[in-house]
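Below you'll find the structure, written out as structure tokens, and then a few comments.
Rule-based calculations on the coordinates, nothing more; no lab input. Please read these numbers as outputs of a predicted model, since none were measured by experiment. Virtual Cβ from ideal backbone geometry, glycine too; neighbours counted across all protein chains shown.
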Amino acid sequence: MAAGARLHLSIVSRSDAAGVRQRGGGRRGGADLLSRCCRGDPPKRRPSRGLRNGGHQSAPRPRLEGGGGLRIAFVAPLVTPIREPQAGGSQALLADLAAGLTDRGHAVDVYAATGSEIPGVKVIDTGVDSDRLGGSLYRANGSASLDNRPAEAAFAAVYAAIRTLPYDVVHNHAFDAPAVRLATSLGPPVIHTLHLPPDIAVGAAIAEVRHARPAPTVATVSAWQARAWGIPTILPNGVPTDRIPWSGHAGQGLVFAGRLSPEKGAAEAIDIARAAGVPLDLYGDPYDPEYAAAVANSSRGVSGVTVHSGVPREILWGVMARAAAVLYPAKWEEPFGLAAAEAQATGTPVIAFRRGALGEVVSDGETGFLVPPGDVEGAAQAVMRIGSIRRSACRRHAETDLSLDRSLDAHERLYEQVRRRAPASHA
């Protein structure tokens, strides 16, 4: 996409009054499609109580003060489409937040790369081919491309489209520095959620836009990340426990679920399983092709290790629920650890390296075990002790401390706060 190019928007999914996904027509001017797009009433949700077994949704919370829903623009990471199987926890969270806020009566538009689809949510195809932004993919070793021109052009076009519509809040979830730096003079309040550990380029962009008027709100997703960035506002991640089935009966094998890139530790998961002598099912799609190939090669001929492609979360949750434990041997300072939260929601304990926010997500000795970073032998020994963990405690921890409802509550509170601080014309 050339700099200055106009963005042609197409609504690719929305829900009707019954919550059934509808496909929009061909690609046309965004304003025309938006004016013709009707929103049905959100589907009603059944109440829930106690330890839940998934498969239904909880009752909606009250709307914001004043009784009306908000019109919210979500800016998604454009380096991958937002669709199942999700490329990572940030993409999965964005999809769940958009669906949850829609269920609570808000009108959410998700600006995403071509090929994105979130059932029940209006997704606006930005016309951005995520493959062209492959150089912007985050890598913990800092090897991402320094050429920001494709991302600059893409986000400039997205924000130009957003400026034409009367949103109450613009919420950016994209990882790139241009996504932060270009989100100025939009009119409504702007929020940036940081989904990664501290990054020099993104930090510089935040410092630059803090001089804008009005200044954006910057949020993190965990207490560890808030300390690391020096940013006090936290919008905690969460998982849809009402949709996640859980089991009180442990299986025999181990599971690893995550993108195949060095920071997630798939190779270490294989080493842990081999040291423990326990079968491992590894689920994930290539994010770093060279690393993914190395993992596949290292698993060949290893008894009990099976590598699977990424699968939709509804399938993955069932796999997790049947496991003895889920391995999370992160090699970076984990900003949150959504797969660890999902595992506990299925009732399955987690064995993880104590890095980043995993000490917040996993309760050591109660919902799993945390071992020093890189301690493969310690993790293998923890596998042998996993029977001491009560699976009901894992589920209860997820429902109480790691739920999507808790995250949605925090988002609605922040939206109300930033709107109160906004100029009168946008309050």
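Key figures
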| item | result |
| --- | --- |
| Phi to ³J(HN,Hα) by Karplus 6.51 cos²θ - 1.76 cosθ + 1.60 over segment 170-187, Hz, x for Gly, Pro | 10, 10, 8, 10, 6, 8, 7, 4, x, 5, 7, 5, 8, 8, 10, 6, 8, x |
| Estimated dipole of segment 241-401 in Debye, rounded to 20 [Cβ of Lys and Arg +1, of Asp and Glu -1, Cα centre] | 460 debye |
| Total charge dipole magnitude, segment 341-417, about the Cα centre, Cβ charges on Lys, Arg, Asp, Glu only, Debye to nearest 20 | 320 debye |
| Contour minus Cα-Cα distance for ASP409 and ARG390 (0.36 nm per residue) | 4.0 nm |
| Estimated inter-spin distance, ALA212 and GLU366, nm [label 7 Å along Cα→Cβ] | 4.0 nm |
| Centroid-to-centroid separation of segment 354-415 and segment 80-136 [C-alpha atoms, Å] | 26 Å |
| Counting all C-alpha pairs of segment 307-359, share separated by more than 14 Å (%) | 52 percent |
| Rotationally averaged projected area of segment 241-401 (alpha carbon convex hull; nm²) | 7.9 nm² |
| Contact order relative to length of segment 241-401, as percent, for alpha carbon pairs under 8 angstrom and 6 or more apart | 26 percent |
| Karplus 3J(HN,Hα) series, Hz, for segment 239-255 with 6.51 cos²θ - 1.76 cosθ + 1.60 (x for Gly, Pro) | 10, x, 4, 5, 9, 9, x, 10, 10, x, 10, 7, x, 9, x, 10, 10 |
